[in-house]
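The next block holds one structure in the form of structure tokens; read it before the comments.
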Amino acid sequence: MQNRNLLQIDEQGQITHPRRLMSLKKLILGIFASAMLLTANASEIPSGAVTLEQCIQLALENNLSLRITNYQPRLAALNLRGAYGAYDPRFSLGGTDSFRESKGRQNPLEFTIPSSETDSFRHNIGLNGVTPFGTRYSMGLNSSETTGTDSRDFPFGSYGTGFNASITQPLLRGAWIDGTRMNIKLQKQQVESSSLTVIRQITQTVSSVELAYYALIASRENVKVAEETLALTEKNFNNQKRRAEVGTVAKSQLPQLEAELYSQKASLLSVQNNYADSVNTLKRLLTDDFGAAQAAELLPVGELNPVQTVFSRNDSWDKALNQRPEILQSQISLENTDIRLRYNKNQLYPQLDLRATYGLSGSDSAVVMFRDKTPFVESSASFNNAFRDVRRGDYPNYSIGLQFSIPIPNRSARASYETAQAQKEQAVLQHKELEQSIMVEIDRLIRDAEYRFEQITVTRQARLSSELALQNETKRYNEGAIENYQVLQAQRDLTGRRYTEINAKVQYLIALSRLAQAEGSTLDNNNINVEFEEE
């Protein structure tokens, strides 16, 4: 579509159109913020003349629907951050202090086996987790201290330490994709999709502002028509009233003119009320505090004066199928089905894991000697000696092996894979259906825009003819050739055709706005650039 003007209204030189970009910057993957959309200090609606560009700017800063939608990328980024939590190492620390006393017993040979006491303290520290390659790992350090007296009433004491590490690496199932990696990929896609949701809402908001602005201008023009019609009716009534007073015309004609006068007053009240509704519709889009903005008087700049636009279906189709947010989101959905299909295909493989362990151990025990048949500790045990064995690596242990398992006949994995295949095929058809719906929609909107512009030409000619007809009927009435009701009918016809012409103009502008939205070119047409930055 070429030669399309954003405003399509004659603003009598009161609007400037700088080529700068109105940039909306959102920060995602950390802080998703925009001074225009998330700030609590929203701009106030000015009272007085306001241009369409100003209205769009206010909507981008204040519109509640847009500010609500603007949180979606931030929430998606937080969900993505949470998904990476599956790779956070898990730290563990534990300690146990225990005491045990065993009861002595009487032997049949009449000697006593004394009781024994054992006091032990064990503690451990460990770290385990999963890597982005699916490798499961764990490592830990443990130690123990055991002291007491045995059943012979001999003292004892020992210390033990150990270090162990193990890894398990999937070689088939879970090797190149697993549940965690699939979830992270899907969350990344959701971040991108949520950004497109924001763009879609911005487009919707800008388009709604355009429609409301055009409707407000049309309502203002309708008020002018109603005021002019009322003024003309009142003038005719007063003229006829004076003529009746001097006897030029019959007084019996006055009630009909008076009824028409009150009818036009009622029409003016109606269009004034419609104008107030149009103002509120626009204000609702521009503010997040309608109470504060209610008193502001919005005066749209310019008059409806559309120019003809040259349309190209192929260009419009190309734009829509390459830049509409719905299409891009549908493509993301297709990619999501590919991710799920890849995961479910991987689940068809058997579980084959490479497992390896390595450990070190150390110990130290107290040396008990006897003197005059009395036991005593000649050399006490210590943690230092036990840890020395670990530090030196004097007593290692290790293992390596493979572990294989598979459900037979693996029906669950096969059913999930076939389901993913069917969902992929379904998603492809849904994407094709969306493309076709968009093409049909654009074809309809282009035809509607062409029809609406033709309506402008026809309704303009009808209005010009009605103006001429009213002049002729008024002249004939003044000459006494026709009755007064014929003049009133010509006046009603002119008023109706003026309304129809205004409606034709605004409907054409609305058709252009809707076509731009269907193409996904609303933001480009309004020089709005949306940038997403990662922090």
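For residues that are farther than 17 Å from Thr135 by Cα and modelled with pLDDT of 85 or more, tally how many sit in the stretch 350-371. Before the answer, list the steps.
Within the stretch 350-371, the subset farther than 17 Å from Thr135 by Cα is 359-371.
Within this subset, residues satisfying the condition of being modelled with pLDDT of 85 or more are 359-360.
Matching residues across the stretch 350-371 total 2.
Applying the selection to the stretch 443-490, what residues are out of contact with any Leu (no Cβ under 7 Å at 6 or more places or on another chain), among the β-branched types (Val, Ile, Thr) and touching a residue at least 60 places away in the same chain (Cβ under 8 Å)?
The answer is Ile456, Val487.
Name the residue, out of Val307, Val301, Val271, that is in contact with a strand residue (DSSP E or B) (Cβ under 7 Å, 6 or more places away or on another chain) and closer than 21 Å to Glu501 by Cα. Steps first, answer last, please.
Working: Val307 fails: in contact with a strand residue (DSSP E or B) (Cβ under 7 Å, 6 or more places away or on another chain); Val271 fails: in contact with a strand residue (DSSP E or B) (Cβ under 7 Å, 6 or more places away or on another chain).
Val301 is the lone residue from the list that is in contact with a strand residue (DSSP E or B) (Cβ under 7 Å, 6 or more places away or on another chain) and closer than 21 Å to Glu501 by Cα.
If I filter the stretch 500-531 down to residues being among the hydroxyl-bearing types (Ser, Thr, Tyr) and touching a Lys or Arg at 6+ places or on another chain (Cβ under 9 Å), which single residue comes out as nearest to Leu60 (Cα to Cα)?
Applying the filter and picking the extreme gives Ser521.
For the structure I just gave you, tell me whether Tyr275 is surrounded by 21 or more Cβ atoms within 10 Å (Cβ to Cβ), within 34 Å of the chain's Cα centre (by Cα) and of a type in the set (Phe, Trp, Tyr).
no
Counting just the residues of the stretch 310-337 that are farther than 19 Å from Thr203 by Cβ and not assigned by TED's automatic domain parsing to the domain that holds Tyr508, which one comes out surrounded by the most Cβ atoms within 10 Å (Cβ to Cβ)?
Taking the candidates together, the pick is Phe311.
Would you confirm, using the coordinates I've provided, whether Arg200 is of a type outside the set (Ser, Thr, Tyr), surrounded by 17 or more Cβ atoms within 10 Å (Cβ to Cβ) and closer than 30 Å to Asn274 by Cα?
Working: of a type outside the set (Ser, Thr, Tyr): yes; surrounded by 17 or more Cβ atoms within 10 Å (Cβ to Cβ): yes; closer than 30 Å to Asn274 by Cα: yes.
Criteria met by Arg200.
Hey, Leu269 hits all of (1) surrounded by 14 or more Cβ atoms within 10 Å (Cβ to Cβ); (2) at pLDDT 90 or above; (3) aliphatic (A, V, I, L, M) but one; which does it fall short on?
(1) is the only condition that Leu269 fails.
Is there any pair with a first residue in the stretch 197-210 that is free of Cβ contacts under 8 Å to residues at least 12 places away in the same chain and a second that is part of a helix (DSSP H, G or I) whose Cβ atoms are under 8 Å apart and which are 6 or more apart or on different chains, and what are they?
From the stretch 197-210, no pairs qualify.
Under the condition of being assigned to a helix (DSSP H, G or I) and small (Gly, Ala, Ser), which residue from the stretch 229-264 is surrounded by the fewest Cβ atoms within 10 Å (Cβ to Cβ)? Show your work before the answer.
Of the stretch 229-264, the ones assigned to a helix (DSSP H, G or I) are 229-245, 251-264.
Still in the running and small (Gly, Ala, Ser): 231, 244, 252, 259, 263.
Values: Ala231: 12, Ala244: 16, Ser252: 9, Ala259: 12, Ser263: 15.
If we take residues in the stretch 229-264 being assigned to a helix (DSSP H, G or I) and small (Gly, Ala, Ser), then Ser252 is surrounded by the fewest Cβ atoms within 10 Å (Cβ to Cβ).
Tell me whether the stretch 499-506 contains one or more residues that are assigned by TED's automatic domain parsing to the domain that holds Asn239, crowded, with 21+ Cβ neighbours inside 10 Å and not hydrophobic (A, V, I, L, M, F, W, C).
Of the residues in the stretch 499-506, the ones assigned by TED's automatic domain parsing to the domain that holds Asn239 are 499-506.
When the remaining residues are screened for being crowded, with 21+ Cβ neighbours inside 10 Å, the result is 501-502, 504-506.
Cutting the leftovers down to not hydrophobic (A, V, I, L, M, F, W, C) gives us 501, 505.
Yes; the residues of the stretch 499-506 include at least one that is assigned by TED's automatic domain parsing to the domain that holds Asn239, crowded, with 21+ Cβ neighbours inside 10 Å and not hydrophobic (A, V, I, L, M, F, W, C).
The values are calculated or read from the model by the stated rules, or taken from the named source; none is laboratory data. A quick note: this is a predicted structure, and the numbers were derived from the prediction, not measured. Methodologically, a virtual Cβ is constructed for each residue, glycine included, from the backbone with ideal geometry; neighbour enumeration extends over all protein chains shown.
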